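Shown next, in structure tokens, is the structure this report addresses.
The values are calculated or read from the model by the stated rules, or taken from the named source; none is laboratory data. Predicted, not measured: the structure shown is a model, and the values here were computed from it. A quick note on method: Cβ atoms are made from the backbone with ideal geometry, for glycine too, and the neighbour counts reach across all protein chains shown. SASA here: full protein model, heavy atoms, side chains in, ligands and nucleic acids out. Shrake-Rupley method; radii C 1.70, N 1.55, O 1.52, S 1.80 Å.
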Amino acid sequence: PERDNPYDPKSDFYTNKTEISGVCKNRILVPINNVKISVSLLTNKTLLLETFTNDKGEYQLLKCPADSVMVWAEKDGFAAETAYLALVVYKAETLNFSLEGLPKFLSTAITSYCVKQTPLDSVILSIRCELQDDESQSDITSVFTTISGLPDTLTLQFNSGYLYENSFREESLSSNLDNIIGKDLSIIATDRFGNRVSATKLNLVRIIRNP
């Protein structure tokens with residue numbers, strides 16, 4: 001006899017599929033659009049399906065295999081989030097994501113200038129950036145600069161608004177500024193959730209040694 005029961009694995013009507021849907025928001029419950037939602041099998045990590053959230057932060061993934069899967073949400077400017085599901089045939093799942101927004105660099109700058117003093121003039125390295133966290137500016141816990149090939153970690157202090165800056169005398173550094181010309185300087189920010197973001201690398205082009 002013909003099998004027409006969709007729950008019978010031997011039936012021609014059996015699909016071994018289900019669906020996942022949900023909403024993606026940030027920590028302050030604002031929907032996030034254009035988040036990529038992806039599904040892969042846990043067994044071999046093969047990418048099976050992907051879609052994007054709409055303007056309301058909603059998504060739907062149809063024809064998901066009834067299997068153990070990994071689902072992850074990702075978008076530039078946010079920390080990715082991953083979930084694991086054991087999908088059951090024909091049983092729709094609701095999976096919502098809450099993505100943590102990352103600090104965003106609005107501007108960066110590095111300059112040098114000379115300060116006249118006795119007995120010797122001092123050359124100053126000035127580093128500044130504007131850094132914004134859309135969810136809460138207080139989420140930012142540290143901002144600092146590293147220099148490629150050198151051990152220095154140069155902390156930037158919060159000034160006002162989105163501005164972080166600091167100035168460093170040449171004699172406080174592990175190398176004179178002439179040796180820093182052309183090296184990559186990375187401005188890095190961390191937040192209270194352990195996320196870490198880096199601005200586009202900067203280079204000191206020249207040293208101003210005349211006050």
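Using unit Cβ charges (K, R positive; D, E negative) and no other charged atoms, how large, in debye to the nearest 20, is the dipole of the chain about its Cα centre? Before the final figure, lay out each step's value.
Working: 21 positive and 27 negative charges, 84 e Å.
Here the chain has a charge dipole of around 400 debye.
Report the calculated FRET efficiency for GLN137 and GLN60 (r = Cβ-Cβ distance, R0 = 25 Å), to the nearest 0.05.
Details: r = 35 Å, r/R0 = 1.39.
For R0 = 25 Å, the calculated efficiency reads 0.10.
Once you have the Cα-Cα distance between GLU165 and TYR113, take 0.36 nm times their residue separation minus that, and quote the gain in nm to one decimal. Before the final figure, lay out each step's value.
Numbers: separation 52, 0.36 × 52 = 18.72 nm, distance 1.49 nm.
Net length gain for the segment: 17.2 nm.
At a Förster radius of 45 Å, what calculated FRET efficiency corresponds to the Cβ-Cβ distance of SER98 and ASP121, to the nearest 0.05?
Computed FRET efficiency for SER98 and ASP121 comes out at 0.25.
What number comes out for accessible area per residue over the stretch 123-209 if the probe is 1.4 Å? Units Å², please.
Computed with neighbouring chains in place, this is 50 Å² per residue.
Starting at the first residue of the stretch 168-183, write each ³J(HN,Hα) from the Karplus equation 6.51 cos²θ - 1.76 cosθ + 1.60 with θ = phi - 60°, in whole Hz, x for Gly and Pro.
Whole-Hz 3J(HN,Hα) from phi for the stretch 168-183: 10, 6, 3, 5, 8, 8, 6, 8, 6, 5, 4, 7, 8, 4, x, 7.
Which three lengths, in whole Å and largest first, does the stretch 119-211 cover when its Cα atoms are put on their principal axes?
Its Cα atoms span 46, 26, 19 Å along the three principal axes.
Normalising by the residue count of the chain, find the relative contact order in percent from Cα pairs under 8 Å and 6+ residues apart.
Details: 485 pairs, mean separation 33.4, N = 211.
With pairs under 8 Å counted, the relative contact order is 16 percent.
Hey, can you find the accessible area per residue of the stretch 9-90 for me, probe 1.4 Å, expressed in square angstrom?
Details: 4660 Å² over 82 residues.
Computed with neighbouring chains in place, this is 57 Å² per residue.
Give me the distance between the Cα centres of the stretch 58-91 and the stretch 150-202, rounded to whole Å.
The stretch 58-91 and the stretch 150-202 have Cα centres spaced 38 Å from each other.
Quick check on packing: order 187-193, 56-62, 19-25 by the mean number of other C-beta atoms within 10 Å, highest mean leading.
On the way: 187-193: 18.0, 56-62: 16.4, 19-25: 19.6.
Highest mean packing first, the order is 19-25, 187-193, 56-62.
Ignoring ligands, DNA and RNA, please state the percent of accessible area on the chain from carbon and sulfur, probe 1.4 Å.
Ligands and nucleic acids excluded, carbon and sulfur reach 49 percent.
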